[in-house]
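Asker: Quick one: structure below, then a few questions.
The values are calculated or read from the model by the stated rules, or taken from the named source; none is laboratory data. Not measured: the values here are computed from a predicted model. Neighbour counts run over all protein chains shown; Cβ positions are idealised from the backbone, glycine included. Heavy atoms of the whole protein, side chains included, go into the accessibility calculation; ligands, DNA and RNA do not. Shrake-Rupley method; radii C 1.70, N 1.55, O 1.52, S 1.80 Å.
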Amino acid sequence: MTNNEKISLLEEVMDLEEGTLKADTILSDLDVWDSLTRLSIIIMLEENFGKELKGEQIRSFKTIDDILNIMIR
Amino acid sequence: MLMQAFWYEVMDLLKPFDDIFCYTSSFSPIDSRMYVLIAVGDPRCSYQKKFSPIIVDPIIDEKMVRLLLEKNILNLSIILTHEHFDHISGVNFLKDNFKCRVICTKDCADSLSNPRKNLSYYFEALFCMQEEEIRNQVKMMDIKPYSCKADEIFVDQVVLPFYKHKVNLTHTQGHSNGSLCMSIDNRCIFSGDSLLRNRTVVTNLPGGNKQLYNKITLPYINSLPKDILVYPGHGVYYRLSEINIDRSAKNDK
């Protein structure tokens, strides 16, 4: 999956318009970066990439790039 | 009238009715709400057998169980507004203490037995960014992956009798596959997470669908009387006219 495809997937999960996210987008700047969006991402990572994330890992995410780096099969 | 006097002491009347009592409790720290509805009719008739209390979105509440057992209530009807764990966590607890029939949509029932679909598997993760005190509180709760079952399922809509009243259950997709709204005589409605005050409806959890919410659920909500009282899945009740319901579903902080 290319980075662009991963970003599109994140935009879909976060219910954001296409083109909203960039790799260097800071998560805390996003209005949608709340507990339920984080939960959606946790589930997406598990279902699509087989990654089970712990709370500490989620807390360490600062940018979209941090999530993209996890999106590896 | 002794029975009615008892309920007056421990419960409030369910507005706008004068013959239905309501006990509410909250599942901390997420503040999901359970509603226990008792129709108090003629105490000379054994209403408990005819119209068992309705529990909407049960949580584990031992005080409530003691209250019902003290009044010899043995049968319950449990209505699930949707399949998410914070709205079903008390199902098995109630089944251990009462004879229950659990009623929900077919789509809801399909997810109840799967901890990943009912989101119990991820409950602790929901609080991963909260303050340490809350994270520790949730950790102490030791929520295990949860599974339960429905007894009666429906698609689209069903009407149930409840003493002198009609309880209408309508499948309202969007927040989740299996969401429903429960109205009583079109005078009050239990909306689950399909309509919340001061928060836009979440539709991006697994099973959520913004298009279906806008196509099916919003029109349904817009068709309701504007003075209907809304008892939501989180937070306190309010009148439908107090909020702006014509908005597309997107996340709020």
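Asker: Condition first: among the hydroxyl-bearing types (S, T, Y) and either away from chain A (no Cβ under 14 Å) or open to solvent by 80 Å² or more (accessible area, probe 1.4 Å) (or both). Now tell me which residues in the range B:86-120 satisfy that.
Answerer: Of the residues in the range B:86-120, the ones among the hydroxyl-bearing types (S, T, Y) are B:89, B:105, B:111, B:113, B:120.
Those that are among the hydroxyl-bearing types (S, T, Y) and either away from chain A (no Cβ under 14 Å) or open to solvent by 80 Å² or more (accessible area, probe 1.4 Å) (or both): B:S89, B:T105, B:S113.
Asker: Further, regarding this structure: Just to check your reading of the model, which residue among A:L45, A:L10 is closer than 23 Å to B:H175 by Cβ and touching a residue at least 40 places away in the same chain (Cβ under 8 Å)?
Answerer: A:L10
Asker: Residues of the range A:21-49 being surrounded by 15 or more Cβ atoms within 10 Å (Cβ to Cβ), more than 11 Å from chain B (Cβ to nearest Cβ) and among the β-branched types (V, I, T), which ones?
Answerer: Answer for the range A:21-49, where residues must be surrounded by 15 or more Cβ atoms within 10 Å (Cβ to Cβ), more than 11 Å from chain B (Cβ to nearest Cβ) and among the β-branched types (V, I, T): just A:T25.
Asker: Pick from A:E52, A:E18: which is more than 12 Å from chain B (Cβ to nearest Cβ) and part of a loop (DSSP other than H, G, I, E, B)?
Answerer: A:E18
Asker: Report, by residue number, each residue of the range B:134-153 that is surrounded by fewer than 19 Cβ atoms within 10 Å (Cβ to Cβ), part of a loop (DSSP other than H, G, I, E, B) and touching a residue at least 12 places away in the same chain (Cβ under 8 Å).
Answerer: So in the range B:134-153, the residues surrounded by fewer than 19 Cβ atoms within 10 Å (Cβ to Cβ) come out as B:134-137, B:139-145, B:147, B:149, B:151-153.
Cutting the leftovers down to part of a loop (DSSP other than H, G, I, E, B) gives us B:142-145, B:147, B:149, B:151.
Residues satisfying the conditions are B:I143, B:K144, B:P145, B:S147, B:K149, B:D151.
Asker: Further, regarding this structure: For a quick check of your reading of the model, give me the residue pairs whose first member lies in the range B:155-170 and is on the phi > 0 side of the Ramachandran plot, whose second is open to solvent by 40 Å² or more (accessible area, probe 1.4 Å) and modelled with pLDDT under 95, with beta-carbon atoms closer than 7 Å and at least 6 apart or on different chains.
Answerer: What qualifies is B:Y163/B:F51.
Asker: Then there's this: Quick one: which residue in B:P225, B:P232 is modelled with pLDDT of 95 or more, open to solvent by 20 Å² or more (accessible area, probe 1.4 Å) and away from chain A (no Cβ under 13 Å)? Steps first, answer last, please.
Answerer: Numbers: B:P232 fails: open to solvent by 20 Å² or more (accessible area, probe 1.4 Å).
Just one listed residue meets the conditions, B:P225.
Asker: Continuing with the same structure: What's the number of the only condition in (1) part of a strand (DSSP E or B); (2) at pLDDT below 95 that B:C104 fails to meet?
Answerer: Tallying (1) part of a strand (DSSP E or B); (2) at pLDDT below 95, B:C104 fails exactly one: (2).
Asker: Inspect all residues belonging to the range B:123-133 and state whether any of them is open to solvent by less than 20 Å² (accessible area, probe 1.4 Å), without any contact (Cβ under 8 Å) to a residue 60 or more places away in the chain and under 23 Å from A:I43 (Cα atoms).
Answerer: Within the range B:123-133 (the criterion being open to solvent by less than 20 Å² (accessible area, probe 1.4 Å), without any contact (Cβ under 8 Å) to a residue 60 or more places away in the chain and under 23 Å from A:I43 (Cα atoms)), the answer is yes, since at least one residue qualifies.
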